[in-house]
Each structure stands twice: as C-alpha cells, then as structure tokens.
Amino acid sequence: RAAPILGIIFTLLLGEIAHAQCELQRIFAADGLTGDQFGDAVAISGALAVVGASRHDLLGNASGAAYVFVAVFDEGSGTWRWGQGARLFAAEGAAGDLFGLAVAIEADSPDGAYVVVGAPNDDHDAGVDAGSVYVFRRQPDGKGWVWVEEETLRAGDAAAGDLYGQAV
C-alpha cells in the first residue's frame with residue numbers, strides 16, 4: 001500500500017537531545033493510513049515523543065492509537081533520528097473512542113517513562129462519551145522495552161457527554 005499523504009509530522013528540534021541536534025525528518029506511523037489523524041496531538045520529553053492518531057481503526061472505526069517514537073543516535077551520519085518504538089491502544093478500546101486525541105509524555109520521572117493518552121469519547125458505566133484517560137509505563141521485557149497499560153482514569157463524578165480526556 002502507498003504511504004499516507006496525510007498524517008506526517010515534520011520535526012526540527014533545535015534543543016538538545018543528549019547534547020546534539022536532530023535534523024529535519026518526516027515521522028509517520030508504520031501502519032498509518034490517510035484519515036488516521038496522525039498528529040492530532042504531539043508531546044516530546046527528552047529522547048521520547050508520543051503522537052496521537054485518534055481516527056486509527058485498529059479496534060474499530062475511529063478507536064484511535066498513539067505512537068511512541070525514540071530518538072536514536074546514528075553513528076554513521078552523526079545525527080539523531082526518530083524511530084517508531086511502539087503503538088499504544090486501550091485494552092478495552094472500541095470504535096469511536098478517539099484514543100489519542102490528547103497525549104502527554106514524561107521520559108525522566110523517578111519511576112521511569114510514562115505516556116498519558118486521552119480517549120474523550122470512551123463509553124463506560126457513566127454513559128456515552130463520558131471519556132477516559134489511559135496511563136502507560138515503559139518497562140524492560142528482557143529484550144528491550146515495552147509499554148504497559150497501568151491504569152485507566154475516569155472522573156469520580158463522570159457523566160455522559162463529559163468528554164473526559166479531551167486534554168491531558
């Protein structure tokens with residue numbers, strides 16, 4: 001299949017990532033398609049970035065996904081390049097959740113790296129479109145790193161139409 005025309009992020013980081021500059025680069029989801037809304041939300045912390053694609057259809061129409069990218073130093077060129085590290089989705093995700101409409105990342109917390117992803121149209125016991133926020137933590141798996149869904153956050157007074165998770 002052809003590479004998607006939409007849903008490509010161009011980056012130019014003038015700040016330091018491990019004391020080096022990252023050149024301009026096209027970043028896209030390896031499984032991305034036009035219409036996924038890749039780039040709905042973007043967050044960067046240290047050498048990690050997370051990109052939301054709220055209309056990705058992995059678990060149903062517009063269930064959504066988020067992609068973690070890692071900046072890796074290329075010895076040959078002497079530059080830093082972003083590479084896709086993981087695709088995240090809610091274990092209980094469903095069509096229409098818009099998972100990835102809002103994202104945040106923290107690469108350097110004392111407990112490790114965390115990604116937070118909003119799914120404002122998630123339906124649950126509180127009602128339709130009450131919304132949820134999902135917390136993922138990076139953990140070693142013996143061969144590298146994996147992102148594990150640690151917690152689902154919902155408002156204590158959640159109600160239908162709250163859209164909790166439209167910002168994180």
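The values are calculated or read from the model by the stated rules, or taken from the named source; none is laboratory data. Note that the structure is predicted; figures quoted are calculated from it, not measured. FYI the Cβ positions are ideal-geometry reconstructions off the backbone, even for glycines, and counts take in every protein chain you see. SASA here: full protein model, heavy atoms, side chains in, ligands and nucleic acids out. Shrake-Rupley method; radii C 1.70, N 1.55, O 1.52, S 1.80 Å.
Before we move on, is residue 150 among the acidic types (Asp, Glu) and under 28 Å from residue 25 (Cα atoms)?
no
Within the stretch 106-136, track down each residue that is open to solvent by 20 Å² or more (accessible area, probe 1.4 Å), in a loop (DSSP other than H, G, I, E, B) and among the charged types (D, E, K, R).
Those that are open to solvent by 20 Å² or more (accessible area, probe 1.4 Å), in a loop (DSSP other than H, G, I, E, B) and among the charged types (D, E, K, R): 111, 123, 125, 129.
Being in contact with a strand residue (DSSP E or B) (Cβ under 6 Å, 6 or more places away or on another chain), at pLDDT 95 or above and under 23 Å from residue 158 (Cβ atoms) is true for just one of 128, 135. Which residue is that?
Unique residue meeting the criteria: 135.
Out of all the residues in the stretch 63-81, which are part of a loop (DSSP other than H, G, I, E, B) and surrounded by fewer than 15 Cβ atoms within 10 Å (Cβ to Cβ)?
75, 76, 77, 78, listed by residue number.
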